[in-house]
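Below: one structure, written as structure tokens.
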Amino acid sequence: MRRPTLEAVAARAGVSRATVSRVVNGQATVTPDIRETVMRAVRELGYVPNGAARNLVTQRTNSIALVVSESPNRVFSDDPMFSTVIRVASLELESAGRQTVLLLAGSPESHARVENYIAGGHVDGVMLVSSHSADPLPGALTRLRVPVVSYGRPAVPVEIPYADGESAAGAATAVRHLLERGRRRIATITGPLDMVAGQDRLAGYRDVLREADRRSIVAVGDFTRESGATATRQLLADDPALDAVFAANDLMAIGALHALRQAGRRVPADVAVVGYDDIEAARYTDPPLTTVSVPHAEQAAIMVRLLLTLMEGRPAEPVLMPAGLVVRKST
């Protein structure tokens, strides 16, 4: 069977082809009674709008790119941040009548492919996740003049709206908590230092220890469970007397708990541990993990709203969300 056309709908409804086009493209210049007549004809004939032709007229694809600057192994790992952001952003966009296109940009080759795809006009806007300081995409996309927002403050100096948590303040709260518990040799396991979250959480840690006239003890991780365990073994070898560890995310804190147990250190009797993010697994570690709570779902929803605001031609400002401490038995 041939696909019903605009002309067939117009003939059934007794209106012009231009009127049918205005109705199916959502324009508000048609009276309610005419709109209902046209939509009745659309339903009766089973007419489906030609998306490609409509996009040529409206200059919209109704697709949004969610660009994650990580490898597939990292995105589809046990880090729940990625799945939360992808799920929430997709649901928020779906409710706004738009679809999400997931693009992974974890290598120079994929950076180029993503930039070319977006430059080709395949999406109406872009959401950036997990930005690194060497990532060329934030700068390249702003030059393309496509609406762009970021999940987290970008690691490069570009003026784009973002939704982020107060990472430095959250880290400072965690370290003050350890000091209040009587801990004096407090180490940290940082996230990647080419990411703003890694930089800010290290800064918050150092600021509090400087105020308390305490020495910083630092090992660098990469936000994975394995790096937390490796960093903890390194910290124990460098300073066997350490009595607390602040890890810049919960997965690294869970790795730290494992390494401390292997080393015969009791938590929290010998070494207290604090994480960051308050993922679900933090409640079920042994002992349950004290951590800094970050509302990743709300942050992702705000990111979407910022992008939709830009796409409507209105200005959007960065949004910072407070982080709170959740005290459990690891401290």
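The values are calculated or read from the model by the stated rules, or taken from the named source; none is laboratory data. Only a predicted model underlies this, so the values are computations on that prediction, with no experimental measurement involved. With ideal geometry, Cβ positions are generated from the backbone for all residues, glycine too; neighbour counts draw on all protein chains shown. Protein only, heavy atoms only, side chains kept; ligands, DNA and RNA dropped before computing areas. Shrake-Rupley method; radii C 1.70, N 1.55, O 1.52, S 1.80 Å.
Report the one residue of His132, Leu310, Thr285 whose Cα lies farthest in the direction of the positive end of the charge dipole of the chain (charges on C-beta: Lys and Arg +1, Asp and Glu -1; origin at the Cα centre).
Ranked along the dipole, the leading option is Leu310.
Using alpha-carbon positions, what is the distance between the centroids of segment 218-238 and segment 129-204, in Å?
Cα centroid to Cα centroid, the span is 19 Å.
If you place +1 on the Cβ of every Lys and Arg, -1 on the Cβ of every Asp and Glu, and leave all else neutral, what size is the dipole of the chain about its Cα centre, to the nearest 20 Debye?
Rounded to the nearest 20 debye, it is 620 debye.
With the cut-off at 1.5 for a/c, could you classify segment 115-176 from its C-alpha gyration tensor as rounded, prolate or oblate?
prolate
Quote the accessible area belonging to Phe76 in square angstrom, nearest 10, computed with a 1.4 Å probe and with ligands, DNA and RNA left uncounted.
Counting only protein heavy atoms, the figure is 140 Å².
What translational diffusion coefficient, in µm²/s and rounded to a whole number, does the Stokes-Einstein relation yield for segment 214-263 at 25 °C and a viscosity of 0.890 mPa s, taking the hydrodynamic radius as the Kirkwood radius over Cα pairs?
My calculation gives 233 µm²/s for D.
How big is the gap, in Å, between the Cα center of segment 285-322 and the Cα center of segment 110-127?
Result: 23 Å between the Cα centres.
Tally up the carbon and sulfur contribution to the accessible surface of the chain as a whole percent, 1.4 Å probe, everything protein left in place.
51
Please report the relative contact order for the chain, taking Cα pairs under 8 Å with a sequence separation of at least 6, and give it as a percent rounded to a whole number.
15
Put +1 on the Cβ of every Lys and Arg and -1 on every Asp and Glu Cβ in the chain; which of Val75, Gly120, Thr224 then has its Cα farthest towards the positive end of the dipole?
Gly120
Connecting C-alpha atoms closer than 10 Å in a GNM of the chain, tell me which of Ile34, Ile160, Ile64 has the biggest fluctuation.
It is Ile34.
Can you give the net charge of the other residues whose Cβ lies under 14 Å from the Cβ of Tyr117, counting K and R as +1 and D and E as -1?
That works out to -2.
Translational diffusion coefficient of the chain at 25 °C, 0.890 mPa s, Stokes-Einstein with Kirkwood Rh over Cα pairs, in µm²/s as a whole number.
110
Could you do me a favour and compute the accessible area per residue for the chain, 1.4 Å probe, result in Å²?
Counting only protein heavy atoms, the per-residue value for the chain is 47 Å².
With springs only between Cα atoms under 10 Å apart, run a GNM on the chain and tell me which of Arg40, Arg145, Arg176 wobbles the most.
Highest fluctuation among the options: Arg40.
Can you compute the radius of gyration and Dmax for segment 139-261, using only the Cα atoms, both in Å?
16.3, 54
Would you be so kind as to identify which of Leu242, Gln262, Ala212 lies farthest towards the positive end of the dipole of the chain, taking Lys and Arg as +1 and Asp and Glu as -1 on Cβ and the Cα centre as origin?
Positive-end residue among those listed: Gln262.
Summing Lys, Arg as +1 and Asp, Glu as -1, what charge do residues with Cβ under 9 Å from the Cβ of Val294 carry, Val294 excluded?
Cβ neighbours under 9 Å give a net charge of -2.
Let's see if you can work this out: charge +1 on each Lys and Arg Cβ, -1 on each Asp and Glu Cβ, no other charges. What is the dipole magnitude of segment 35-169 about its Cα centre, in debye to the nearest 20?
The dipole of segment 35-169 has a size of about 620 debye.
Where does helix 32-45 land angle-wise versus the long Cα axis of the chain, in degrees 0 to 90, nearest 10?
With rounding to tens, the tilt is 90 degrees.
Rounded to the nearest 20 Debye, what is the dipole magnitude of segment 197-259 about its Cα centre when Lys and Arg each give +1 and Asp and Glu each give -1 at the C-beta?
Rounded to the nearest 20 debye, it is 40 debye.
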